[in-house]
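Encoded as structure tokens, the structure appears first; notes follow it.
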Amino acid sequence: MTVYLPIAELSVNILIILGMGAAVGFLSGMFGVGGGFLITPLLIFYNIPPVVAVATGANQVVASSISGAITHFRRGTIDIKLGTVLLCGGLAGATLGIWLFALLRRLGQLDLVISLAYVLLLGTVGTLMLWESIIALRRASKNEAVTLRRPGQHNWIHGLPLKMRFKKSKIYLSVIPIAVLGFCIGILTSVMGVGGGFIMVPAMIYLLRIPTNVVVGTSLFQIIFVSAYTVIVQATANYTVDIVLAFVLMIAGVIGAQYGVRVGQRLRGEQLRALLALLVLAVGIRLAVELVIPPKEIYSVVSAGLGF
């Protein structure tokens, strides 16, 4: 069963696209990430042009994040105040990122930059997360206390000015690192089509020492608005959002996210982080392989949007 994508200019199997959206939505709800770091590479693997995959993938991130955030909101695990500070930085970063996206597209280097950025980012984050998770799991197996936030433990970030009290998260922290984190995630969202949760979640836990129970919901809260802003601007300025592809991914993602949240509640924190790390590394390795293996046909002829 095929459907034609007007912006991507090719026909795809709708069942495969539905499967991608549902799988990414499930993982989004389980890990508290937008899922863009998965859906964008998957779309590229399925021969969707990277420029369309990035912009349209951000739309799917919005749908999955809303679905997961609703559940967390009902459970009271979203820090609205903290999420708002992240959002302010995120919108500023997304604005800069969209400008960079358009610049790279004009220079003809967008596809290469996206692939290289994914390999570097996923490889680094995945390796660090996996290493930490293995240590945490070993401690848990020996019945040792596994604490990510020890009483009285601070780093240089906690000495920055402009501090604000976040009652929901039970922390007293400067808004500077929070806004900077949101800014960086905003750039990644607009340039790479990711929600940024796979970076935001560990950064909030390990750097900012925010309790894990509010990190996931707060991350999804920020991702919703930054990704939505990115989709709107990409659609109006760069014309790279395929509405048909976005609609199919959105439906599947919303359904998958609801089941992912339920499964995620049954796993321990270190188990979730280990699984997410393996997932991030797998996607990064797959992209790296695509970059180094020569294509079967170096040249291709494109006619009416279909390569022959």
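What ranking do 104-116, 87-99 get when scored by the average of other Cβ atoms within 10 Å per residue, highest first?
87-99, 104-116
Please list, in order along the range 79-85, the HN-Hα scalar couplings obtained from phi with the Karplus expression 6.51 cos²θ - 1.76 cosθ + 1.60 (θ = phi - 60°), rounded to whole Hz, x for Gly and Pro.
For the range 79-85, the Karplus curve yields 8, 4, 5, 5, x, 5, 5 Hz.
Sort 178-188, 51-61 for me by packing, meaning the mean count of neighbouring Cβ atoms within 10 Å per residue, highest on top.
Values: 178-188: 22.6, 51-61: 30.0.
Averaged packing, sorted descending, gives the order 51-61, 178-188.
Report ³J(HN,Hα) in whole Hz for each residue of the range 166-182, in order, from the Karplus equation J = 6.51 cos²θ - 1.76 cosθ + 1.60 where θ = phi - 60°; Gly and Pro get x.
The phi angles translate into 10, 5, 5, 8, 6, 9, 10, 9, 5, 6, 4, x, 5, 5, 5, 4, x Hz.
Each value in this text was obtained by applying a stated rule to the coordinates, not by laboratory testing. Predicted model, so just to flag it, every value in this text is computed and none were measured. Virtual Cβ from ideal backbone geometry, glycine too; neighbours counted across all protein chains shown.
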